[in-house]
């Protein structure tokens, strides 16, 4: 990682493969018991429990330019969909909740040091 005046350039080694284990915790409560009545929620399962990905998939989650702590950037759709397909065979990025849009596909650098960067994602 290189820093530029309190900014950091986030990059990945292009030859690395990453193993991702998918997990969905059981839904324990919904206001109207949808988690009991709807089979889709009661028996929610991931599509693939474990999968290998090239580093290029994760590069789409990183900013193109150096960023500072607290700075946000948009995440590319294709990399997001690739990872979400491990959880669901038909993921959707366009959500409408209560007649309003749910804005996702953003990331924010929370902290970093010489070895690690902590990034928060809203997908």
Can you tell me which residue in the stretch 94-113 is farthest from residue 16 (Cα to Cα), limited to those that are under 14 Å from the mean Cα position of the chain (by Cα) and either modelled with pLDDT of 90 or more or surrounded by 13 or more Cβ atoms within 10 Å (Cβ to Cβ) (or both)? 104
Please name all residue pairs, on different chains or six or more residues apart, with Cβ atoms under 7 Å, provided the first residue is in the stretch 73-87 and is at negative phi and touching a residue at least 40 places away in the same chain (Cβ under 8 Å) and the second residue is in a helix (DSSP H, G or I) and crowded, with 17+ Cβ neighbours inside 10 Å. 83/57
Of everything in the stretch 31-52, what is surrounded by 14 or more Cβ atoms within 10 Å (Cβ to Cβ) and in contact with a strand residue (DSSP E or B) (Cβ under 7 Å, 6 or more places away or on another chain)? Give them in sequence order. 51
Return the residues of the stretch 1-30 that are assigned to a strand (DSSP E or B), out of contact with any helix residue (DSSP H, G or I) (no Cβ under 7 Å at 6 or more places or on another chain) and surrounded by 12 or more Cβ atoms within 10 Å (Cβ to Cβ); say none if nothing qualifies. 3, 7, 8, 9
What is the one condition in (1) modelled with pLDDT under 90; (2) part of a loop (DSSP other than H, G, I, E, B); (3) within 14 Å of residue 122 (Cα to Cα) that residue 79 does not satisfy? (2)
For the stretch 31-61, give me each residue that is part of a loop (DSSP other than H, G, I, E, B) and either under 17 Å from residue 86 (Cα atoms) or within 15 Å of the chain's Cα centre (by Cα) (or both). 43, 44, 45, 46, 47, 48, 49, 60, 61
Counting only residues that are within 15 Å of residue 119 (Cα to Cα) and without any contact (Cβ under 8 Å) to a residue 40 or more places away in the chain, which one in the stretch 53-64 is surrounded by the fewest Cβ atoms within 10 Å (Cβ to Cβ)? 64
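Going by the structure shown, is residue 94 without any contact (Cβ under 8 Å) to a residue 24 or more places away in the chain and assigned to a strand (DSSP E or B)?
no
The values are calculated or read from the model by the stated rules, or taken from the named source; none is laboratory data. In this text, all values refer to a predicted model and were calculated from it rather than measured experimentally. Note: ideal-geometry Cβ built from the backbone for every residue, glycine included; neighbour counts use all protein chains shown.
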